[in-house]
1. Restricting to the stretch 211-242, count the residues that are touching a residue at least 24 places away in the same chain (Cβ under 8 Å), surrounded by fewer than 21 Cβ atoms within 10 Å (Cβ to Cβ) and either out of contact with any His (no Cβ under 9 Å at 6 or more places or on another chain) or part of a helix (DSSP H, G or I) (or both).
2. Among (1) touching a helix residue (DSSP H, G or I) at 6+ places or on another chain (Cβ under 8 Å); (2) of a type in the set (A, V, I, L, M, F, W, C); (3) closer than 26 Å to ALA248 by Cα; (4) at pLDDT 95 or above, which single condition is ILE124 missing?
3. Among the residues of the stretch 34-56, is any surrounded by 14 or more Cβ atoms within 10 Å (Cβ to Cβ), closer than 30 Å to GLY148 by Cβ and within 14 Å of the chain's Cα centre (by Cα)?
4. Could you grab me the full set of residues in the stretch 146-169 that are in a loop (DSSP other than H, G, I, E, B), at negative phi and free of Cβ contacts under 8 Å to residues at least 40 places away in the same chain?
5. Which of the residues belonging to the stretch 134-187 are closer than 23 Å to GLY214 by Cα and among the small types (Gly, Ala, Ser)?
6. Mind listing whichever residues of the stretch 47-80 are without any contact (Cβ under 8 Å) to a residue 24 or more places away in the chain and under 22 Å from ALA248 (Cβ atoms)?
7. Just checking, does the stretch 106-113 include any residue being crowded, with 21+ Cβ neighbours inside 10 Å and either aromatic (Phe, Trp, Tyr) or more than 18 Å from the chain's Cα centre (by Cα) (or both)?
Amino acid sequence: MLAPHIDPVALQLGPIAIHWYGLMYVLAFMSAWKLVQIQLKEMQLWGTVVSPEKYENLFTWLILGVILGGRLGYVLFYNPSYYIEHPIEVFYVWNGGMSFHGGFLGSVIMGWLFCRRNDLPYLILLDRFAIVAPLGLAFGRAGNFINGELWGRVVTNPESVPWAMIFPGAGPYPRHPSQLYELALEGLLLFAILWLTRKKKWADGTRISIFLLGYALARIFCENYRQPDEQLGFLFAHITMGMLLSSAMLLAGLFGFIWLNRKR
């Protein structure tokens, strides 16, 4: 039986603590920066359609969208009653509480606003960022695993799941390492699929549709092994908030894919 316990602090410099989770965010943004830039150069858009200055500013807007959207998404979707009673804690981001669905929506909106103001090809850029987004998700799930948070459900028959783990703070029972399931499926696998098909001559917007479809399917599958949020539990039957939000993404991705490729 595995019992992982990794110090969440990667480096302590006097009173300053550098956490692994923060480093995962940095790695996610750095990898996205470089890999999108590589794609724009492959498409001969770098320095012509997309200048380095505009790219840097776009990235800043997207980061703000991820952070603001992720926090507001968590507040609205996962714990609204608590934050109604404690509104000042909406700003306590260091206490945790980020929603991928909110962060995704925030980045999409901020990217659209920036591209509209700066006359940039929105769908082309959206596709390029959609290709590398799963890699950022993989880094994020690695951070969740290191922190020992968002663990899986209790394994009733440990012999059938030899990789089950006892997480600190999650009680004495072995659980599914659902963070690693999500890292593998919605992270590495989805990234590999999108990256290997990045040069396909598809309609603009097709890749973001595939990302929505792939992420939604992977997340809904993994939610069957992930412990529901304590303050929410199951919304009804065996449906979690993650499943519900991902179902909306699934429908959006399916509609987008069919609409963009209807002539084919």
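The values are calculated or read from the model by the stated rules, or taken from the named source; none is laboratory data. Note that the coordinates shown come from a computational prediction; the quantities given were computed from them, not determined experimentally. Every residue, glycine among them, receives a Cβ derived from its backbone with ideal geometry; neighbour counts consider all protein chains shown.
1. The qualifying residues number 8.
2. Going through (1) touching a helix residue (DSSP H, G or I) at 6+ places or on another chain (Cβ under 8 Å); (2) of a type in the set (A, V, I, L, M, F, W, C); (3) closer than 26 Å to ALA248 by Cα; (4) at pLDDT 95 or above one by one, ILE124 breaks only (1).
3. no
4. Of everything in the stretch 146-169, those that are in a loop (DSSP other than H, G, I, E, B), at negative phi and free of Cβ contacts under 8 Å to residues at least 40 places away in the same chain turn out to be VAL155, THR156, ASN157, VAL161, PRO162.
5. Within the stretch 134-187, GLY136, ALA138, GLY140, ALA142, GLY143, GLY152, SER178, ALA184, GLY187 qualify.
6. VAL75, PRO80
7. Looking for residues that are crowded, with 21+ Cβ neighbours inside 10 Å and either aromatic (Phe, Trp, Tyr) or more than 18 Å from the chain's Cα centre (by Cα) (or both), one finds none in the stretch 106-113, hence no.
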